Amino acid sequence: MSEQSTDLRETVRERYAAAAVKVTEGHAACCGPQPVEVDENFGSTLYAADERDALPAEAVAASLGCGNPTAVAELRDGERVLDLGSGGGIDVLLSDRRVGPTGKAYGLDMTDEMLALALANAEKAGATNVEFLKGTIEAIPLPANTIDVVISNCVINLSVDKPAVFAETFRVLKPGGRIGVTDVVGDDTLTTDQRAERGDYVGCIAGALSFAEYRQGLEAAGFTSIEIAPTHQVADGMHSAIVRATKPTAATTPTEATESADACCGVNACCTSGETSADPSLTVTEAKTASGCGCQN
Ligand SMILES: C[S@@+](CC[C@H](N)C(=O)[O-])C[C@H]1O[C@@H](n2cnc3c(N)ncnc32)[C@H](O)[C@@H]1O
């Protein structure tokens, strides 16, 4: 990562660490959680009142998104959900309710202060099948093909490496898995400079992709059935949008494809009872003999 990207990510982290501290300190001072300052296009007003009322006040106060991804992702009982940039945990807690006791909701965030706030909120909410992970959305700390639905609320625009976010999202999703994201997206007619004139990077505006760029990024990662629909304007020519896409059922991740091609001795699952030859025209024994590598029983 370039020095400029590292600096930008650190600026984002500091901004959201300060937001988490503000909510936490408001609570500690016994004055109730202080809502973070956001205009009416962002935050908890974008959720239904009954959803907000059922959550800890600090989770609601820390809401900084631009939509309600749990509503757009149509979560079902038993599903495993991952929230990219989970902040104070509002969407993880709502996901937890939607997937029920047989499902699981993960939150991923890079900011310690947000993770601490989210954990405290999960405890207050009595949520038992949630887990918060520290890490970046450009290098998701979960295995491939393990998640049914990836959600995210106004975070992908903050990434300094969006192709990596799309590739990582594709990797962790199970074949047939889907994304249900809300994010800021710019009109295709605006240049990068014009988008930057409309708001700052940490405020979720300057780093936003255009509609065409978002679609191209998802397609390049392998997603299909892509829909990007604006919901409300957040600045001139900049919109909050619902993004949906699917990982095809027959998909393999680029990593899996490489692993298969480079399988030890040309044999998959080498030295286990489940061994198969990576080349269907060779038997396991032929592949091992031909390769001469050290992976022989
Ligand atoms: C705009 S807030 C949204 C929080 C939450 N989704 C919500 O709706 O309230 C952005 C969150 O994403 C996190 N974040 C930003 N960039 C990130 C990255 N590259 N990797 C992991 N987390 C990131 C920040 O720490 C912050 O908690």
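Give the residue that is farthest from the ligand (Cβ to nearest atom), with candidates limited to residues of the stretch 66-79 that are buried (at least 22 other Cβ atoms within 10 Å of the Cβ) and outside any loop (DSSP other than H, G, I, E, B).
Among residues in the stretch 66-79 that are buried (at least 22 other Cβ atoms within 10 Å of the Cβ) and outside any loop (DSSP other than H, G, I, E, B), the one farthest from the ligand (Cβ to nearest atom) is Thr70.
Taking only pairs six or more apart or across chains, which ones have beta-carbon atoms under 8 Å, a first residue in the stretch 106-127 that is within 23 Å of Ala139 (Cβ to Cβ) and of a type outside the set (Gly, Ala, Ser), and a second residue that is in a helix (DSSP H, G or I) and more than 11 Å from the ligand (Cβ to nearest atom)?
Partner pairs satisfying both residue conditions: Glu113/Val21; Glu113/Thr24; Leu117/Thr24; Leu117/Glu58.
Between a first residue in the stretch 131-148 that is over 17 Å from Asp91 (Cα atoms) and a second residue that is modelled with pLDDT under 95 and of a type in the set (S, T, N, Q), which pairs have beta carbons less than 6 Å apart while being 6 or more apart in sequence or on different chains?
Cβ pairs passing all conditions: Ala144/Thr253.
For the stretch 118-131, state whether one or more residues are within 16 Å of the ligand (Cβ to nearest atom), under 18 Å from Ser63 (Cβ atoms) and out of contact with any Asp or Glu (no Cβ under 9 Å at 6 or more places or on another chain).
Within the stretch 118-131, one or more residues are within 16 Å of the ligand (Cβ to nearest atom), under 18 Å from Ser63 (Cβ atoms) and out of contact with any Asp or Glu (no Cβ under 9 Å at 6 or more places or on another chain).
Within the group Ala251, Ala245, which residue is under 24 Å from Ala139 (Cα atoms), at pLDDT below 95 and buried (at least 17 other Cβ atoms within 10 Å of the Cβ)?
Testing whether each residue is under 24 Å from Ala139 (Cα atoms), at pLDDT below 95 and buried (at least 17 other Cβ atoms within 10 Å of the Cβ) leaves just Ala251.
Name the residues in the stretch 22-57 that are within 12 Å of the ligand (Cβ to nearest atom), at pLDDT 90 or above and part of a helix (DSSP H, G or I), would you?
Answer for the stretch 22-57, where residues must be within 12 Å of the ligand (Cβ to nearest atom), at pLDDT 90 or above and part of a helix (DSSP H, G or I): just Val23.
Across the stretch 57-76, what is the total count of residues that are farther than 14 Å from Asp96 by Cα and touching a Lys or Arg at 6+ places or on another chain (Cβ under 6 Å)?
1
When Ile151 is evaluated against the numbered criteria (1) more than 20 Å from Glu219 (Cα to Cα); (2) of a type outside the set (Lys, Arg); (3) at pLDDT 95 or above, which criterion, by number, is the only one it fails?
Unmet for Ile151, out of (1) more than 20 Å from Glu219 (Cα to Cα); (2) of a type outside the set (Lys, Arg); (3) at pLDDT 95 or above: (1).
Please state which of the following conditions Ser63 fails to meet, knowing it meets all the rest: (1) touching a residue at least 40 places away in the same chain (Cβ under 8 Å); (2) among the hydroxyl-bearing types (Ser, Thr, Tyr); (3) near the ligand (Cβ under 10 Å from one of its atoms).
Of everything listed in (1) touching a residue at least 40 places away in the same chain (Cβ under 8 Å); (2) among the hydroxyl-bearing types (Ser, Thr, Tyr); (3) near the ligand (Cβ under 10 Å from one of its atoms), Ser63 misses just condition (1).
The values are calculated or read from the model by the stated rules, or taken from the named source; none is laboratory data. What you see is a predicted model; the values in this text were computed from it and never measured. In this analysis, Cβ positions are derived from the backbone assuming ideal geometry, glycine residues included, and neighbour counts consider all displayed protein chains.
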